[in-house]
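K.L.:
Below you will find the structure I want to go over with you.
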Amino acid sequence: GALRGELDLPAGSPLVGTCGRMVPIKNQALLVEAAARVHAQRPEVQFCIIGDGELHAELAARIETLGLGEVFHLVGWRSDTPPLMADLDLFVLTSLNEGTPVTLIEAAAAGVAAVSTSVGGVPDLVREGETGWLVPSEDAAALATAILTALADPAACEVAGQRAQAEVLERFHYRRLVRDLAELYRSLLPSR
């Protein structure tokens, strides 16, 4: 795919990534810390962050300090995220808080399973072991374990991605949203 080619990744190496603004609430530093733990056991795994923001320099420095420079890629801000997300083997969301995260919906729409912190509206989108895996917020060890678990069974990871895709395409399809909005308006109109 486009992202793998752009990053010139070794053939067969799993790609784990996230997409979002590099700001404190998104907590991508947790992914960097978990990546160091994953790398110790599975050095072939590659990581990326698609996005940019105020924490870019801090994240880049931490990646270098942990010796992950060869396997952790900061892609930068992109407008072509759907094909990039589709290149991921596993999507990771590390936010400290979320409503209904659009990036999680985009990953699911691309058929990519997710590991996510169990915050805000995330458990409405990610069902443990069915459409992805949930971990406690700010727990790098739990995040690393979940990533390793998902990558250890590519078939289960693929099935979780397919389930997530089917659910979001049904739940967030524009026709359904238009129908729901029309029903809401009708319910608000006075009866004649």
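K.L.:
Here are ALA144, ALA166, ALA113: which of them is surrounded by 15 or more Cβ atoms within 10 Å (Cβ to Cβ) and closer than 22 Å to GLY99 by Cα?
P.N.:
Working: ALA144 fails: closer than 22 Å to GLY99 by Cα; ALA166 fails: surrounded by 15 or more Cβ atoms within 10 Å (Cβ to Cβ).
None of the others qualify; the one that does is ALA113.
K.L.:
If I ask for residues that are buried (at least 19 other Cβ atoms within 10 Å of the Cβ) and in contact (Cβ under 8 Å) with a residue 60 or more places away in the chain, which ones from the stretch 83-101 would you list? Break it down stepwise before answering.
P.N.:
Kept after step one, since they are buried (at least 19 other Cβ atoms within 10 Å of the Cβ), are these residues of the stretch 83-101: 84-85, 87-95, 98, 101.
Across the stretch 83-101, the qualifying residues are LEU84, MET85, ASP87, LEU88, ASP89, LEU90, PHE91, VAL92, LEU93, THR94, SER95.
K.L.:
While we're here: Identify all residues within the stretch 70-92 that are among the β-branched types (Val, Ile, Thr), under 15 Å from the mean Cα position of the chain (by Cα) and modelled with pLDDT of 95 or more; write none if there are none.
P.N.:
Those that are among the β-branched types (Val, Ile, Thr), under 15 Å from the mean Cα position of the chain (by Cα) and modelled with pLDDT of 95 or more: VAL75, VAL92.
K.L.:
Right, something else. State all residues of the stretch 40-70 that are outside any loop (DSSP other than H, G, I, E, B) and more than 21 Å from VAL23 (Cα to Cα); if no residue qualifies, say none.
P.N.:
Those that are outside any loop (DSSP other than H, G, I, E, B) and more than 21 Å from VAL23 (Cα to Cα): ALA40, GLN41, GLN46.
K.L.:
Shifting gears a bit: Could you check, for the stretch 7-30, whether at least one of its residues is at pLDDT below 95 and on the phi > 0 side of the Ramachandran plot?
P.N.:
The answer is yes, given that some residue of the stretch 7-30 is at pLDDT below 95 and on the phi > 0 side of the Ramachandran plot.
The values are calculated or read from the model by the stated rules, or taken from the named source; none is laboratory data. Source: prediction; values computed, not measured. Counting neighbours? That spans all protein chains shown, and the Cβs are built from the backbone with ideal geometry, glycine included.
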